[in-house]
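What follows is a set of notes on a single structure, which appears directly below.
The values are calculated or read from the model by the stated rules, or taken from the named source; none is laboratory data. Computed from a predicted structure; not experimentally measured. As a convention, Cβ positions derive from the backbone with ideal geometry for all residues, glycine included, and neighbour counts pool all protein chains shown.
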Amino acid sequence: MYEPEQFPGLIYRMIDPKVVFLIFTSGKMVCVGAKKEVSIYRTVGNLVTLLDENKLIMPRSERLKAVLNPLEEKQKIEEAEKDE
């Protein structure tokens, strides 16, 4: 559920294990409701896989480039937007 007028993040409820993610446009997220630490790793992995399969997240190599060299990536994005 995403209603930015009510709350600035996306609320995503996962059934197994029963956890809730709060995902913000900054890329940060909060995971609540997990009973064990291992459940957090599993659910974050499941969420990343789900986002990747639906092309809602950058491929890992591109994410690393963006983190390591944000100015260069920003310039590439701006150039691509100009071409469109």
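Looking only at segment 13-59, residues that are under 26 Å from Ile77 (Cβ atoms) and among the hydroxyl-bearing types (Ser, Thr, Tyr) come to 3 in all. For segment 5-35, the candidate set comprises residues that are surrounded by 12 or more Cβ atoms within 10 Å (Cβ to Cβ) and not hydrophobic (A, V, I, L, M, F, W, C); within that set, the residue that is nearest to Leu51 (Cα to Cα) is Tyr12.
The set of residues in segment 17-69 that are at pLDDT below 85, of a type in the set (Val, Ile, Thr) and not in a helix (DSSP H, G or I) comprises Thr25, Ile57. On the given criteria, is Tyr2 modelled with pLDDT of 80 or more, among the aromatic types (Phe, Trp, Tyr), loosely packed, with under 14 Cβ neighbours inside 10 Å and not in a strand (DSSP E or B)? Answer is no for this residue.
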